[in-house]
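Below is one structure, written out as structure tokens; comments come after it.
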Amino acid sequence: RVARKHGAPLLYRGIRSWAKDGLAERWLEFLNLIGPPALALAPPLRTCFLEADPRYAHVSSTLIRRRCAAAESVADLVPPSIADAVAKLYG
């Protein structure tokens, strides 16, 4: 609903890898394909997946939140140019 409200033509989903996130993401994609036509009589939105660089496959929002809560740096997990902004948001 939010994507449609803002006129998004498709959804982008970031995944760590197909092995880690693939099944859950495919399930969400399926729900996004059947939900709109069934519930809102609207065409479904296509989902595009962006797979992470394998060097960062271990990074999760939980890891980032834990580090920020402990006042630890996240500069090795996110681009250094936004590390301070991320720490402020989650710290």
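The values are calculated or read from the model by the stated rules, or taken from the named source; none is laboratory data. Note that the coordinates shown come from a computational prediction; the quantities given were computed from them, not determined experimentally. Please note: Cβ atoms are built from the backbone with ideal geometry, for glycine as well, and neighbour counts cover all protein chains shown. For the accessible areas, the whole protein counts, side chains as well, though only heavy atoms, and no ligand, DNA or RNA atoms are used. Shrake-Rupley method; radii C 1.70, N 1.55, O 1.52, S 1.80 Å.
A few points about this structure:
- Within the range 10-28, being in contact with a strand residue (DSSP E or B) (Cβ under 8 Å, 6 or more places away or on another chain) and open to solvent by 80 Å² or more (accessible area, probe 1.4 Å) holds for 12, 13, 18.
- Among the candidates 43, 36, residue that is of a type outside the set (D, E, K, R) and open to solvent by less than 40 Å² (accessible area, probe 1.4 Å): 36
- Hey, residue 7 open to solvent by less than 80 Å² (accessible area, probe 1.4 Å) and modelled with pLDDT of 85 or more or not: yes
- The one condition in (1) open to solvent by less than 60 Å² (accessible area, probe 1.4 Å); (2) closer than 28 Å to residue 3 by Cβ that residue 83 fails to fulfil: (2)
- Residue 31 at pLDDT below 90, in contact with a strand residue (DSSP E or B) (Cβ under 9 Å, 6 or more places away or on another chain) and not basic (Lys, Arg): no
- Within the range 47-89, the set of residues being among the polar types (S, T, N, Q) and assigned to a helix (DSSP H, G or I) comprises 61, 62, 81.
- Taking the range 51-71 as the range and being more than 19 Å from the chain's Cα centre (by Cα) and either open to solvent by 100 Å² or more (accessible area, probe 1.4 Å) or closer than 26 Å to residue 24 by Cα (or both) as the test, no residue passes.
- Where a residue in the range 78-91 is closer than 16 Å to residue 60 by Cα and of a type in the set (Gly, Ala, Ser) and its partner, wherever it lies, is part of a helix (DSSP H, G or I) and open to solvent by less than 70 Å² (accessible area, probe 1.4 Å), with Cβ under 7 Å and at least six apart: 87/68; 91/68
- The listed residues are 37, 44, and the only one of them that is touching a Leu at 6+ places or on another chain (Cβ under 8 Å) and farther than 28 Å from residue 90 by Cβ turns out to be 44.
- Per the listing 36, 44, the residue uniquely assigned to a loop (DSSP other than H, G, I, E, B) and either modelled with pLDDT under 90 or in contact with a strand residue (DSSP E or B) (Cβ under 7 Å, 6 or more places away or on another chain) (or both) is 44.
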